[in-house]
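Notes follow once the structure below has been shown.
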Amino acid sequence: MSLSPILTASTAPFVDLAAPDGARARVYLDGAQVASWIPAGSHEDRLFVSERALYGPGQSLRGGIPICFPQFGALGPLKQHGFARHCRWNVEQHTTDDEGARVVLQLVDSAETRALWPHPFCAALSVYVSGATLSVDLTITNTQDSALEHTVTSDAPFAFTVALHPYFRVQNALATTVVGLGGTRYRDALRDGALFEETRDPLPIDGPLDRIFYDTGDTLDMVEPHRTLRIEKRGFPDAVVWNPGAAGTSSRPDFLAGDERHMLCVEAAAIGTPVVLAPGQQWIGTQVMTAVSSAAPPVS
Ligand SMILES: O=P(O)(O)OC[C@H]1O[C@H](O)[C@H](O)[C@@H](O)[C@@H]1O
C-alpha cells in the first residue's frame, strides 16, 4: 500500500453531521473514519487528528476513530488492525431529526477482502451525534446465507477480533488519567506482551503506554484537570489504552513530533475472546462518548 497522500482533508470524501442542538461530526468514507466530533455548546474538537494524517483511498487517518477489523493489532495472520480501515465504505443512510444527526456506512466483502479473509460479511457503522454525546455502533453480519453467489473458500463460521480505536484530543496527556481499570488483567505490549493485573485506579499516563485490558467494566472516564470524557461500551468486553510516547510519534511519518502530548486512545475492543459468527449471525458493539463538563470525574 502506497503511503503517498492522494487527497487532502478537504478533497477526500466525507459526510458532515450537524444536530439541531449544534453537535457536529465529520466522517470520511475511507475507513468509515470519524475524524471530528464537537459536542453541542462547545467549540473544541474532542477527537485528535494529526496534521500529518494521510487522506484518500487506502489510507487510514492518523487520528479520529479507526476501525480495527477483522483483526486487532498484529495478533493474527492479517496485517496490523485488519483491512476495514483501508477500505472505502458506502453511505447507506444520512439523516437528521429533532434530536440528532446520523450516518450509516457499510462495507461488504469483495474480491479484494476475500483474497485476504475468505468470508462473506457485512460491516455497518452507525455514527450519531446529539448534545454532549457521540455514539458509534459497529454491526458485523456473517452474510453467508444471503451471499450464495459469492465464491468463498471457507463456509465455516468466522472468527474475528475488533476495536473502535478513538484518538481523543487532550490538553496534556501526562496530566490525564483513565478511571475504571483497577483490578483488571492486562497485556502489556511494551513488556513483550506479558500479563499483569492493574493495581492503579486512576491509571496515570506517565509516558508511552500500550495495554489491552481484558473483561473491563463498561464505563471508563478519561479525566483531565479541567474536564472529563465518559466512555461507555457495550458488546466489547475489552479496552485498550495507547499513547505512543515521543519515540512512537517520531518513528511514524504520519505523526508530528509532539503529537503524543495531545492525544490518548481509549479503545473499545473484543480481543481476548474472538467473536465467532455462524452464517446468518450478527454481532453489535457500541461505544458511547459523552463530554462531561465538570472538573471532577462523575460519580458512578
Ligand atoms: O500505528 P497503527 O497501526 O495505527 O496502530 C496504532 C496502535 O494501535 C493500538 O492502540 C495498539 O495497541 C498499538 O500497539 C498500535 O501501535
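Couple of notes before you dig in:
- Once the range 223-257 is narrowed to residues that are small (Gly, Ala, Ser) and assigned to a helix (DSSP H, G or I), the residue that is surrounded by the most Cβ atoms within 10 Å (Cβ to Cβ) is GLY245.
- Scope the range 183-196; condition within 22 Å of the chain's Cα centre (by Cα) and either more than 10 Å from the ligand (Cβ to nearest atom) or among the small types (Gly, Ala, Ser) (or both); matching residues: THR184, ARG185, TYR186, ASP188, ALA189, GLY193
- Within the range 74-84, the set of residues being more than 11 Å from the ligand (Cβ to nearest atom) and in a loop (DSSP other than H, G, I, E, B) comprises GLY76, PRO77, LEU78, PHE83.
- Taking residues in the range 104-116 that are more than 14 Å from ASP30 (Cβ to Cβ), and partners anywhere that are assigned to a helix (DSSP H, G or I), the pairs with Cβ atoms closer than 9 Å and at least 6 places apart or on different chains are THR113/ALA84.
- Scanning the range 86-94 turns up at least one residue that is within 16 Å of the ligand (Cβ to nearest atom), buried (at least 17 other Cβ atoms within 10 Å of the Cβ) and either of a type outside the set (S, T, N, Q) or not in a loop (DSSP other than H, G, I, E, B) (or both).
- Single residue of the range 203-236 satisfying the filter (more than 25 Å from VAL275 (Cα to Cα) and among the basic types (Lys, Arg)) that is farthest from the ligand (Cβ to nearest atom): ARG227
- Residue pairs whose Cβ atoms lie under 8 Å apart, sitting 6 or more positions apart in sequence or on different chains, and linking a residue in the range 224-249 that is touching a residue at least 40 places away in the same chain (Cβ under 8 Å) to a partner that is in a helix (DSSP H, G or I), are GLU224/ALA175; PRO225/ALA175; ASN243/ALA173; ASN243/GLU260; GLY248/GLU260.
- Taking each residue of the range 121-145 that is surrounded by fewer than 21 Cβ atoms within 10 Å (Cβ to Cβ) and looking for partners that are assigned to a helix (DSSP H, G or I) and of a type outside the set (A, V, I, L, M) with beta-carbon atoms closer than 9 Å, six or more apart or interchain, yields CYS122/SER146.
- All positions within the range 30-71 that are β-branched (Val, Ile, Thr) and under 30 Å from LEU277 (Cα atoms): VAL34, ILE65, ILE67
- Of the residues making up the range 45-103, just one is among the acidic types (Asp, Glu) and within 19 Å of PHE121 (Cβ to Cβ), namely GLU92.
- The C-beta contact set for the range 268-290 (first residue touching a residue at least 24 places away in the same chain (Cβ under 8 Å), second residue of a type in the set (Ser, Thr, Tyr) and surrounded by fewer than 22 Cβ atoms within 10 Å (Cβ to Cβ), distance under 6 angstrom, 6+ apart or interchain) comprises GLY272/TYR214; GLN282/THR141; ILE284/THR139; VAL288/SER135; THR290/THR133.
- A single member of ARG169, ARG200 is away from the ligand (no atom under 14 Å from the Cβ), touching a Lys or Arg at 6+ places or on another chain (Cβ under 8 Å) and basic (Lys, Arg), and it is ARG169.
- Qualifying residue in the range 230-241 (condition: at pLDDT 95 or above and more than 27 Å from THR139 (Cβ to Cβ)): no
- For the range 42-55, the candidate set comprises residues that are away from the ligand (no atom under 16 Å from the Cβ), more than 15 Å from PRO166 (Cα to Cα) and in contact (Cβ under 8 Å) with a residue 12 or more places away in the chain; within that set, the residue that is surrounded by the most Cβ atoms within 10 Å (Cβ to Cβ) is SER42.
- Residue that is modelled with the highest pLDDT, among those in the range 56-73 that are within 8 Å of the ligand (Cβ to nearest atom) and more than 12 Å from VAL162 (Cα to Cα): ARG62
The values are calculated or read from the model by the stated rules, or taken from the named source; none is laboratory data. Since the structure is predicted, the reported quantities are computational estimates derived from the model, not experimental observations. We place every Cβ from the backbone using ideal geometry, glycine too, and count neighbours over all the protein chains shown.
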